[in-house]
Amino acid sequence: MKPWLELAPHYEQARAREDSLDRLVEWPAERDLLGDVAGRSILDLGCGNGGKLAELVQDGATDCVGLDVSGNFLSGLELIQGDLSELDSVPALAGRTFDRILFLQSFGYAKDPVRTLKAARAKLADDGFILLTRTHPIRYAVERAEQNGTTLGEEYFSTDEFSYAHRWNDQITLTKRPYTISDLLNIFSAAGLWIETTREPQLSDDARRRFPHKQAWMNKHLGILLFKLRPLGSAS
Ligand SMILES: C[S@@+](CC[C@H](N)C(=O)[O-])C[C@H]1O[C@@H](n2cnc3c(N)ncnc32)[C@H](O)[C@@H]1O
């Protein structure tokens with residue numbers, strides 16, 4: 001949790017760049033899956049500075065709350081400094097439900113992923129869904145295979161934790177638990193959720209032409225996975 005107190009401003013700087021993959025690939029795909037948000041309440045877990053939530057409010061979302069451990073927040077929104085692993089003990093969230101709950105590149109920080117997802121599911125209003133994104137696990141396997149001189153499969157199926165110096169600030173080391181696609185799917189099932197839609201978004205043709213270095217990065221690292229999740233027993 002600590003590294004993010006320092007990384008947060010770097011993240012926002014990187015995200016703001018014209019050629020950031022968040023701007024070119026991730027946010028357009030996330031926004032598309034969210035659809036019309038007018039009159040919808042949204043809880044954004046690991047919201048960063050709240051920039052995405054602010055856009056959703058502009059698009060008509062109401063009663064929105066963002067939560068992040070970093071506390072590096074924009075003004076004018078209900079943003080709470082807190083830990084997404086402890087949703088049940090955040091006083092501002094007690095007794096509230098939301099139409100949309102977001103984990104945008106933040107779910108990996110949950111200490112107990114199934115517990116966190118169950119706690120989020122319990123905060124969904126009727127007809128609500130969770131939008132969750134994660135980096136494609138192949139990306140880390142490719143990087144580690146290159147670093148360690150091993151193969152993709154060895155790294156993809158390795159269960160050892162790994163640390164790496166962060167791209168935005170090499171003084172900061174993040175530690176990750178490796179995960180496979182089946183780990184992710186089994187977590188969703190164990191939390192009582194079904195997958196309505198999965199996406200693996202790519203650059204548009206225009207962005208490919210304008211930013212070939214980003215296409216080269218995507219060709220090697222694949223990008224992120226997006227999941228639209230609903231409670232078992234609910235229809236879409
Ligand atoms: C990669 S950024 C994503 C930010 C934003 N969701 C977006 O898509 O632009 C990950 C965010 O998770 C937050 N974070 C990390 N650990 C957390 C925790 N335990 N509880 C709440 N937020 C956390 C970080 O501070 C950071 O803002």
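Things worth noting here:
- Calculated from backbone phi, Karplus (6.51, -1.76, 1.60) coupling profile of region 83-94 in Hz, x at Gly/Pro: 9, 5, 6, 10, 4, 6, 10, 8, x, 5, 9, 4
- Charge dipole of region 188-236 about the Cα centre (unit charges at C-beta), most positive-ward option of 191, 212, 227: 212
- The 3J(HN,Hα) values that the Karplus relation (6.51, -1.76, 1.60; θ = phi - 60°) gives for region 124-136 are, in residue order, 7, 6, 3, 6, x, 9, 9, 10, 10, 10, 9, 4, 4 Hz. Gly and Pro appear as x.
- Placing unit charges on each Cβ (+1 for Lys and Arg, -1 for Asp and Glu) gives region 85-215 a dipole about its Cα centre, and among 148, 116, 92 the Cα reaching farthest toward its positive end belongs to 92.
- Fully extended contour minus Cα-Cα distance, from residue 17 to residue 75, at 0.36 nm per residue: 18.8 nm
- Relative contact order of the chain, pairs being alpha-carbon contacts under 8 Å that are 6 or more residues apart, as %: 19
- Electrostatic bookkeeping for residue 144 treats Lys and Arg as +1 and Asp and Glu as -1; over the other residues with beta carbon under 11 Å from its beta carbon, the sum is -3.
- Amide hydrogen neighbours beyond the local backbone of residue 62, cut-off 5 Å, H modeled: 39, 40, 41, 42
- Rounded to 0.05, the FRET efficiency of the residue 126 and residue 186 pair, given R0 = 25 Å and the Cβ-Cβ distance, is 0.40.
- Taking region 184-236 and dividing mean pair separation by its residue count, relative contact order in percent (alpha carbons under 8 Å, at least six apart): 53
- Difference of contour (0.36 nm per residue) and Cα-Cα distance, residue 165 to residue 96: 21.0 nm
- Placing a label point 7 Å from the Cα of residue 32 along the Cα-to-Cβ direction, the residues of region 215-235 with a backbone N closer than 15 Å are 223-228.
- Other residues within the sphere of radius under 15 Å centred on the Cβ of residue 133, judged by their own Cβ, net out at +2 (K and R +1, D and E -1).
FYI, it's all coordinate maths here, none of it is from the lab. Everything numeric in this text was worked out from a predicted model, so none of it was measured. Methodologically, a virtual Cβ is constructed for each residue, glycine included, from the backbone with ideal geometry; neighbour enumeration extends over all protein chains shown.
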